[in-house]
Amino acid sequence: MASLGLHLLTIVLGLLFIVFGHIKLSPQFFPEHHEHIRNEFGKFNKEFPLHRQTGWRPYAKTYRMAVGIAEVVCGSLLLLSFAQSLANIILLMIMTNAIITFQKLNYSIEYTGVSIFISLLLVLRLILASSGSKPKQSVQAKADKKVK
């Protein structure tokens, strides 16, 4: 049952991040959302996480494009069953950064709540994937243990 839940959760998260990443990259399907995201990344850029340590922050467009490409690539990796744990961890880092940025900019719970929910889904997917990857003992090995 956990396997079915894991597969469904992986498909939903993969598609979700492909769509979110595409919105950040192109106005092709959702032009009004793309324009809104472009304006928001101008604000997000002012709260770039490494600015205090390095004194450097990327241009808003570069930041938006990097996050969008990372979301599309990691969402695709989730769907293609290739390096899923790595993709999951990268997406979790992106979502954690989004939550921290929303809090610094005093955004409403609409933004922060959705990011927290998606982060919890990513954590759940990581837990389900790690619990399902334990090596299974064969029936013969179990029988040998009982005999001893």
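The values are calculated or read from the model by the stated rules, or taken from the named source; none is laboratory data. What you see is a predicted model, and the numbers here were worked out from it, not measured in a lab. Here the Cβ positions follow ideal geometry from the backbone for every residue, glycine too, while neighbour counts run over all protein chains shown.
Within segment 46-60, is there a residue that is of a type in the set (S, T, N, Q), modelled with pLDDT under 95 and surrounded by 14 or more Cβ atoms within 10 Å (Cβ to Cβ)?
no
Please identify the pairs in which a residue from segment 71-90 that is acidic (Asp, Glu) has its Cβ atom under 6 Å from the Cβ atom of a residue that is assigned to a helix (DSSP H, G or I), counting only partners at least 6 apart or on another chain.
Matching pairs, first to second residue: Glu71/Phe17; Glu71/Phe20; Glu71/Gly21.
Among the residues of segment 94-120, which ones are surrounded by fewer than 17 Cβ atoms within 10 Å (Cβ to Cβ) and hydrophobic (A, V, I, L, M, F, W, C)?
The answer is Ile100, Leu105, Ile109, Val114, Ile116, Phe117, Leu120.
Give the residues of segment 26-52 that are over 18 Å from Met93 (Cα atoms) and of a type in the set (S, T, N, Q), sorted by residue number.
Ser26, Gln28, Asn39
Sort through Pro58, Pro49 and tell me the only one that's under 19 Å from the mean Cα position of the chain (by Cα), outside any helix (DSSP H, G or I) and not small (Gly, Ala, Ser).
On the way: Pro58 fails: under 19 Å from the mean Cα position of the chain (by Cα).
Within the list Pro58, Pro49, the selection yields Pro49.
Can you name the residue in segment 73-88 that is surrounded by fewer than 20 Cβ atoms within 10 Å (Cβ to Cβ) and aliphatic (A, V, I, L, M) and is also farthest from His33 (Cα to Cα) among such residues?
The extreme case among them is Ala83.
Find all pairs meeting these conditions: Cβ atoms under 8 angstrom apart; at least six residues apart or on different chains; first residue within segment 100-112 and in contact (Cβ under 8 Å) with a residue 60 or more places away in the chain and of a type outside the set (Phe, Trp, Tyr); second residue surrounded by fewer than 17 Cβ atoms within 10 Å (Cβ to Cβ) and part of a helix (DSSP H, G or I).
Leu105/Lys43; Leu105/Glu47
Restricting attention to segment 5-57, which residues are free of Cβ contacts under 8 Å to residues at least 60 places away in the same chain, in contact with a helix residue (DSSP H, G or I) (Cβ under 7 Å, 6 or more places away or on another chain) and of a type in the set (A, V, I, L, M)?
Ile23, Leu25, Ile37
Could you look through segment 1-57, keep only residues that are touching a Lys or Arg at 6+ places or on another chain (Cβ under 7 Å) and of a type in the set (S, T, N, Q), and pick out the one that is nearest to Ser130 (Cα to Cα)?
Step by step, filter segment 1-57, then rank; the result is Thr10.
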